[in-house]
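**Student:** Mind looking over this structure? Questions follow.
The values are calculated or read from the model by the stated rules, or taken from the named source; none is laboratory data. Just so it is clear, the model here is predicted, and its values are computed rather than measured. So basically every Cβ, Gly included, is an ideal-geometry build from the backbone, and we count neighbours across all protein chains shown.
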Amino acid sequence: MSTTVAGTDGEVVVRAEKLRVRWIVVGVAAVLAAGVAGLVIGPAGLSTPQVVRDLLGLHSSLDAQQVAIVEQLRLPRVVLGLLVGGTLSLSGASYQGVFRNPLADPYLLGAAAGAGLGVTVVIVGAADGASTPTVAPIAAFVGALAAVGLAYVLGTSGGGRASTASLILAGVAVASFLTAVQTYVQQRNQDTIRQVYSWILGRLSTAGWHDVLLLLPYAVVTWTILLAHRRVLDVLAVGDDEATTLGINARRSRLIVIVAASLGTAAAVAVSGLIAFVGIIVPHTVRLLVGRSHRVVLPLSLLFGGAFLCLADLLARTLSSPAEIPIGVITAFFGAPFFVLVLRSSRRMGMTT
Amino acid sequence: MIRCSGVSVMLGDHEVLHAVDVSVARGEWLSIVGPNGAGKSTLLRFVAGLVRGEGVLEIDGSAVATLHRRRRAQLVALVPQTPVVPEGARVVDYVLLGRTPHIRPLGVEGPHDLAAVHDALTSLDLLPFADRLVTTLSGGERQRVLIARALAQGSPIVLLDEPTTALDVGHQQQVLEVIDRLRRERGLTVVTTMHDLTLAGQYAERLVLLDNGRVVVDGPAGDVLTEDNLARYYGARVRIIHDGGRPVVLPLREERAHDA
């Protein structure tokens, strides 16, 4: 038993782990920096002061064509990148919290595959222009919820409660199955195969503000619900039994978080295709660098996820310009080594502080 | 403070508790003892609201069926036998989880809640550990952190499932002394399940012996811990020694018993 050193440390201040202002500042700065980089860099040869002045409504030296590039091509794309990246990593962080499994993410649980199947069916059915059909997010949501529901039923069918391991295994099976169905539907419809294929690989469209407006309402609902549950997710971390004795309705809270995270994932997948990895690396990087409480992880995943995807998109459209690399390829290609780097360096630091 | 009457609990097809009647008075320490599988933990979990069953459970004069989940958590705190400790949780944040039933849904803690955590940590000599990770603490320290969480919960009833099982004899005594001190200082009603019968008899004011889901003996340690009872319900060969009026259970080995 330890002895208390009375008097030497004076008044000990008890402080809860919560989001500190400086991390919010860093997160917002990352979002702004990524956004401005996304607007400035490219073949049009713009400079940062010009673009910033134009955005702020001040007189800038940009000509009409350059203004159109910034405001009608790049700005919607940057905003879409921020929304999709933020939503995917916030949803990923929430899945990891609710399943108490560091590997849980929309892809592992079948939600993304279900959403993908939903959107494929819609694209095949509509077969018109290049923009995302308005019903796509709803079809994606139905697909995502059906997939997660199926994974849950399969994971619990062994009797008793779903262990997170059996849930994830069931999710992997469901994801493979739905991906197979999706590929079948895609191959059966030769006239839309290119459209479906380019969407599958992930891309942030340049169709003006259409996709932003389509995603925005779903994103706002998802963010509101998930961020409101940040402390509840910390309580759920002690398991359903203990959470219950602390006065939390564990089952209901889990369900709300899963449905909200699936809604966000589905809407993001509907407009941007399957962009893997964001939902895993961003939340884990935040956990390793800042802290493990969901009160830290959720808001910072939202900010850094947005900034990360925005930068990934910048690389996607500039690396082999004028051709574009699918953004999903960029997130995996640069995300994986970066994540390994963070993992190694934080292990060396001991991870305890 | 707690009254169970005619409580039966089924787990699957198996009736784990059968028509159990137990009452605990305010400020009393009751210890539930019995052989493995007798239903000790199930009874504790029933009172904590983690398993459903038939019969009546009253807490502080009201039937729990009428209590909201949060209100119930304000009245009853449970220290589980094998708690789930989230990786990376500091002592402060872990103890703060105990304030959950006092924090409005979807809200965050206020100064009042941090004061309660400070008080609980002070009471258990844990302030120097406030910023340590719970997973890095020793068994005895960790058990005190769990008790601090229950204390921060502010519930007048504290249930402890096997609070000493993983500890060496010195730490067992320290933890039980802490529980007894808090019970006296704060007027807590304490219910524990215990494997160590001697310790159960030394600390609890009353023992309930469960066997096959039924209450078979209920009374002070001297009445419950007899050589006959332990032979009958535990199938154990023991000798009871009296030390200052408290029974000490001494296990006997077969050969020695013949020699003696």
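**Student:** Would you confirm whether or not the stretch B:23-35 contains a residue that is at pLDDT 95 or above, touching a Leu at 6+ places or on another chain (Cβ under 8 Å) and under 21 Å from residue B:83 (Cβ atoms)?
**Tutor:** yes
**Student:** For residues in the stretch B:127-143 being more than 7 Å from every other protein chain (Cβ to nearest Cβ) and not in a helix (DSSP H, G or I), which is nearest to residue B:165 (Cα to Cα)?
**Tutor:** Per the stated criteria, the residue is B:138.
**Student:** Can I ask one more? Can you tell me how many residues in the stretch A:194-239 are surrounded by fewer than 18 Cβ atoms within 10 Å (Cβ to Cβ) and within 28 Å of residue B:101 (Cα to Cα)?
**Tutor:** Qualifying residue count for the region: 5.
**Student:** Among the listed residues B:97, B:124, B:146, B:114, which satisfies the condition of being surrounded by 20 or more Cβ atoms within 10 Å (Cβ to Cβ) and facing chain A (nearest Cβ under 7 Å)?
**Tutor:** Numbers: B:124 fails: facing chain A (nearest Cβ under 7 Å); B:146 fails: facing chain A (nearest Cβ under 7 Å); B:114 fails: surrounded by 20 or more Cβ atoms within 10 Å (Cβ to Cβ).
The unique qualifying residue is B:97.
**Student:** From the residues in the stretch B:154-178 that are more than 12 Å from chain A (Cβ to nearest Cβ) and in a loop (DSSP other than H, G, I, E, B), which one is nearest to residue B:46 (Cα to Cα)?
**Tutor:** That would be B:162.
**Student:** Examine the stretch A:218-227 for a residue that is under 21 Å from the mean Cα position of the chain (by Cα), within 11 Å of another protein chain (Cβ to nearest Cβ), part of a helix (DSSP H, G or I) and without any contact (Cβ under 8 Å) to a residue 12 or more places away in the chain, and state whether such a residue exists.
**Tutor:** Checked the stretch A:218-227: at least one residue is under 21 Å from the mean Cα position of the chain (by Cα), within 11 Å of another protein chain (Cβ to nearest Cβ), part of a helix (DSSP H, G or I) and without any contact (Cβ under 8 Å) to a residue 12 or more places away in the chain.
**Student:** Scan (1) at the interface with another protein chain (Cβ under 7 Å from one of its Cβ atoms); (2) more than 22 Å from residue A:16 (Cα to Cα) for the single condition residue A:239 breaks and write down its number.
**Tutor:** Among (1) at the interface with another protein chain (Cβ under 7 Å from one of its Cβ atoms); (2) more than 22 Å from residue A:16 (Cα to Cα), the lone unmet condition for residue A:239 is (2).
**Student:** On the basis of being assigned to a helix (DSSP H, G or I), buried (at least 20 other Cβ atoms within 10 Å of the Cβ) and either within 14 Å of chain B (Cβ to nearest Cβ) or free of Cβ contacts under 8 Å to residues at least 60 places away in the same chain (or both), does residue A:285 make the cut?
**Tutor:** On the way: assigned to a helix (DSSP H, G or I): yes; buried (at least 20 other Cβ atoms within 10 Å of the Cβ): yes; either within 14 Å of chain B (Cβ to nearest Cβ) or free of Cβ contacts under 8 Å to residues at least 60 places away in the same chain (or both): yes.
In short, yes.
**Student:** Also: Of these, B:177, B:185, B:205, which one is closer than 21 Å to residue B:21 by Cα, of a type in the set (D, E, K, R) and either exposed (fewer than 15 other Cβ atoms within 10 Å of the Cβ) or within 16 Å of the chain's Cα centre (by Cα) (or both)? Break it down into steps so the answer makes sense when it comes.
**Tutor:** On the way: B:177 fails: closer than 21 Å to residue B:21 by Cα; B:185 fails: closer than 21 Å to residue B:21 by Cα.
Being closer than 21 Å to residue B:21 by Cα, of a type in the set (D, E, K, R) and either exposed (fewer than 15 other Cβ atoms within 10 Å of the Cβ) or within 16 Å of the chain's Cα centre (by Cα) (or both) holds for just one of B:177, B:185, B:205, which is B:205.
**Student:** Hey, does the stretch A:16-27 have a residue that's at pLDDT 85 or above, of a type outside the set (A, V, I, L, M, F, W, C), under 30 Å from residue B:131 (Cα atoms) and in a helix (DSSP H, G or I)?
**Tutor:** Yes: one or more hits.
**Student:** Under 8 Å between Cβ atoms, which residue pairs at least 6 apart in sequence (or on different chains) link something in the stretch A:14-26 that is touching a residue at least 24 places away in the same chain (Cβ under 8 Å) with a partner that is surrounded by 15 or more Cβ atoms within 10 Å (Cβ to Cβ) and of a type in the set (S, T, N, Q)?
**Tutor:** From the stretch A:14-26, the pairs are A:17/A:293; A:18/A:293.
**Student:** Same structure, new question: Which residue is nearest to the other protein chains (Cβ to nearest Cβ), if the candidates are limited to the stretch A:38-49 and must be in a helix (DSSP H, G or I) and surrounded by fewer than 16 Cβ atoms within 10 Å (Cβ to Cβ)? Can you show your working first?
**Tutor:** So the first thing to find is which residues in the stretch A:38-49 are in a helix (DSSP H, G or I), and the list is A:38-40, A:48-49.
Checking which are surrounded by fewer than 16 Cβ atoms within 10 Å (Cβ to Cβ) leaves us with A:48-49.
Working: A:48: 38, A:49: 41 Å.
Among them, the one singled out is A:48.
So that you can scan it fast, the table gives a plain yes or no per residue for (1) among the hydrophobic types (A, V, I, L, M, F, W, C); (2) in a loop (DSSP other than H, G, I, E, B); (3) at positive phi; (4) in contact (Cβ under 8 Å) with a residue 40 or more places away in the chain:
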| residue | (1), (2), (3), (4) |
| --- | --- |
| B:6 | no, no, yes, yes |
| B:27 | no, yes, yes, yes |
| B:31 | no, no, no, yes |
| B:46 | yes, no, no, yes |
| B:97 | yes, no, no, yes |
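**Student:** For the stretch A:189-215, which residues satisfy the criterion of being at negative phi and in contact with a Leu (Cβ under 7 Å, 6 or more places away or on another chain)? Break it down into steps so the answer makes sense when it comes.
**Tutor:** Here is the first cut: in the stretch A:189-215, the residues at negative phi are A:189-201, A:203-207, A:209-215.
A:200, A:204, A:206, A:211, A:212, A:215 - these are the residues of the stretch A:189-215 that are at negative phi and in contact with a Leu (Cβ under 7 Å, 6 or more places away or on another chain).
**Student:** Let me ask you something else. Scan (1) under 23 Å from residue A:233 (Cα atoms); (2) part of a helix (DSSP H, G or I); (3) out of contact with any strand residue (DSSP E or B) (no Cβ under 8 Å at 6 or more places or on another chain) for the single condition residue B:109 breaks and write down its number.
**Tutor:** The one condition residue B:109 does not meet is (2).
**Student:** Can you name the residue in the stretch B:52-73 that is among the β-branched types (Val, Ile, Thr) and in a strand (DSSP E or B) and, of all such residues, is nearest to the other protein chains (Cβ to nearest Cβ)? Please lay out each step first, then the result.
**Tutor:** Within the stretch B:52-73, the first condition is being among the β-branched types (Val, Ile, Thr), and the residues that meet it are B:56, B:59, B:64, B:66.
Adding the requirement that they be in a strand (DSSP E or B) leaves B:56, B:59.
Numbers: B:56: 20, B:59: 13 Å.
So, considering only residues that are among the β-branched types (Val, Ile, Thr) and in a strand (DSSP E or B), the one nearest to the other protein chains (Cβ to nearest Cβ) is B:59.
**Student:** If residue B:87 satisfies all but one of (1) within 24 Å of residue A:241 (Cβ to Cβ); (2) part of a loop (DSSP other than H, G, I, E, B); (3) more than 8 Å from chain A (Cβ to nearest Cβ); (4) not aliphatic (A, V, I, L, M), what's the number of the condition it fails?
**Tutor:** So residue B:87 meets the others, but not (3).
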